[in-house]
1. Pairs needed: first member in the range B:32-57, of a type in the set (Asp, Glu); second member anywhere, buried (at least 20 other Cβ atoms within 10 Å of the Cβ); C-beta distance under 7 Å; at least 6 residues apart or different chains.
2. Give me the pairs, please: first residue somewhere in the range B:145-168 and away from chain A (no Cβ under 14 Å), second residue anywhere and of a type in the set (S, T, N, Q) and part of a loop (DSSP other than H, G, I, E, B), beta-carbon distance under 6 Å, and either six or more positions apart or on two chains.
3. Pick out the one residue from B:Gly78, B:Gly109 that is within 19 Å of B:Ala205 (Cα to Cα) and touching a helix residue (DSSP H, G or I) at 6+ places or on another chain (Cβ under 7 Å).
4. Just to be sure I understand, how many residues within the range B:207-248 are closer than 20 Å to B:Leu84 by Cβ and touching a strand residue (DSSP E or B) at 6+ places or on another chain (Cβ under 7 Å)?
5. Of all residues in the range B:306-323, which are more than 7 Å from chain A (Cβ to nearest Cβ), in contact (Cβ under 8 Å) with a residue 12 or more places away in the chain and acidic (Asp, Glu)?
6. Examine the range B:29-44 for a residue that is within 19 Å of B:Glu164 (Cα to Cα), touching a helix residue (DSSP H, G or I) at 6+ places or on another chain (Cβ under 8 Å), outside the structural domain of B:Ile286 (by TED's automatic domain parsing) and β-branched (Val, Ile, Thr), and state whether such a residue exists.
7. Residue under question is A:Asp94, and the condition is that it be within 14 Å of chain B (Cβ to nearest Cβ), more than 21 Å from the chain's Cα centre (by Cα), more than 15 Å from A:Val136 (Cα to Cα) and assigned to a helix (DSSP H, G or I); does it hold?
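The values are calculated or read from the model by the stated rules, or taken from the named source; none is laboratory data. The structure displayed is predicted, hence computed values, not measured ones. Neighbour counts run over all protein chains shown; Cβ positions are idealised from the backbone, glycine included.
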Amino acid sequence: MLVTERERLRDEITALADRLGRERSSLIPMLQEVQARYLQISEYAMQVVADLLDIHPVEVYSVASFYSFLDHAPKGRFVIRLCRTISCDMAGKDAVARQLQNDLGVGFGETTTDDKFSLEWANCIGMCDQGPALLVNDQVFARVTPEKVHEILEACRRTFGVYAQERKEGHPV
Amino acid sequence: MSKQQQPGLPTFAAMTPGAGLKAAIGRNRADIIGEISASGIKGRGGAGFPVGVKWNLCAAARGDLKYVVCNADEGEPGTFKDRLILMEHPDLVFEGMTIGGLTVGAREGIVYLRAEYMYLRRPLEAVLAKRREAKLLGQDILGKSGFTFDIRIQMGAGAYVCGEETALIESLEGHRGEPRNRPPFPVDTGYLDRPTVVNNVETLAWVACILQKGAPWFKSVGTEKSTGLKIFSVSGDCDRPGVYEFPLGITVAKLLDTVGGQDAKAVQVGGASGYCVPKSEFHRVIAYEDVSTGGAIIVFGRDRDMLDIAANFLDFFTEESCGQCTPCRDGNPRLLEGVELLREGRCSMRYLNELCGLGETMQLASKCGLGQSSPNAFLSIVKHFKDEIMGRVPAGH
């Protein structure tokens, strides 16, 4: 990481702390914002957060590693979380899982080489009456079929063009 | 391909928004707690603690700052009613929280919303903004001088255990979601060590209804120990899955009739942490005194393999255990291994009995509700489906 990048990260996280407060109870909201902006919580980011909240960086690591929506490893722009819990399982999540792997070329817990997609399992996302269900970032898709997988991924790819453009123009999403 | 129109939430839809809060504001604390206690309402999240008792304890606790927390960390497999309540009747939930603030003397309410429901955040914030404009939140609510209360939303970050109230509080405070020892209970030592009431989404909505319609109205349905209507989330092998409203005390058989699940061989009542009711027990009633539930009903059709179901639940608990206490952290993987042995047809009766003993130990020795209830499904499946799960001949033999 370049020094200038580090400086930018530190500045941005400091601005976050100014907005969210420097109490311990601000830790998870801060980490959520870092995750959303940088698609990961890097070791350097953890150190900065720890400095700002005046806690040990291991405290930050222990929280970041506990929750499934926070991650140290870099994620794709679109995180796909397929529900694997009982009702979605009975509704046919295995076929959807297989097609997701076929179309993305990666397994669960992996990210595509172009950094666009991460594929993960989710535990019950509360769509049990309309399974199989999955989340793409914050968006929920119900009654997904293997055929629909392609549509969902294509819709993401089209959006990705927009995101890439915004990032290039200096408006981080 | 909606199998049919969702039955929805007719009772909540018939309420007049704001009427419950208006009724509460003219009454004193003891009076409000009396009304809630008289209704007999118990926690709708699953644990079934009497709401009147909880509020009374928090109101009596000493502290200059108190909190009302709405538990919107709906994560129990098979449960989705809180999602619908938050989408369609958020005002009732916020109203219940505000009544809670008035009653226990809190100035701040926090909605702990699960990460998976991030898409609800923006609409909920919009409802909160409208309530502030209408003077239903903020300073001197509805002109009552000195009554200040506001609500903020804090997102969860993906952990089932945070539905347990002390783990939820840990998470709000910026820690890992590891449950605390109880006592002390949150009503005296809760968020930031202040007296805190934690209630489920549905419970808070019902409180707003009770203040509007009165305790006798609420008690007019249900059983003596389980009063009122309850919202159910129905999924699995039935013709009409969705959200339903039933009086507590309904039999499993009657519920199955309504949702079109008459062919079921078993029903999981209470989600992964609940009890698997076999066909021979469909006469049992769903109520706190018999088969208790937070509202999850998962229907298993006649072709389902009960070991697949047990494995799915145990996978879930193995993944979601916070890892803090040994019975839960190490017990669930052991039970899961046992299910694998059963699948391969290599489990002796003696070992199966040992596993059941382990399950009972987990029920007794785990620190929180997650560990204590995690072996329930396994134990009830073993109890009722021995012929199906034992002596299996693996494919190819």
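1. Here the result reads B:Glu35/B:Ile210; B:Glu35/B:Leu211; B:Glu35/B:Ala215, each pair linking the range B:32-57 to a residue that is buried (at least 20 other Cβ atoms within 10 Å of the Cβ).
2. B:Thr148/B:Gln139
3. Numbers: B:Gly78 fails: within 19 Å of B:Ala205 (Cα to Cα).
After ruling out the rest, the residue left standing is B:Gly109.
4. Total meeting the criteria: 18.
5. Answer for the range B:306-323, where residues must be more than 7 Å from chain A (Cβ to nearest Cβ), in contact (Cβ under 8 Å) with a residue 12 or more places away in the chain and acidic (Asp, Glu): just B:Asp315.
6. First, pick out the residues of the range B:29-44 that are within 19 Å of B:Glu164 (Cα to Cα): B:42-44.
Still in the running and touching a helix residue (DSSP H, G or I) at 6+ places or on another chain (Cβ under 8 Å): B:42-44.
After this cut, where a residue has to be outside the structural domain of B:Ile286 (by TED's automatic domain parsing) as well, the list is B:42-44.
Remaining after also requiring β-branched (Val, Ile, Thr): none.
No: zero hits.
7. So A:Asp94 fits the description; yes.
Per-residue answers, yes or no, for (1) of a type in the set (A, V, I, L, M, F, W, C); (2) surrounded by 24 or more Cβ atoms within 10 Å (Cβ to Cβ); (3) assigned by TED's automatic domain parsing to the domain that holds B:Leu102:
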{"residue": "B:Pro183", "(1), (2), (3)": "no, no, yes"}
{"residue": "B:Gly190", "(1), (2), (3)": "no, yes, yes"}
{"residue": "B:Leu204", "(1), (2), (3)": "yes, yes, yes"}
{"residue": "B:Ala208", "(1), (2), (3)": "yes, yes, yes"}
{"residue": "B:Ala215", "(1), (2), (3)": "yes, no, yes"}
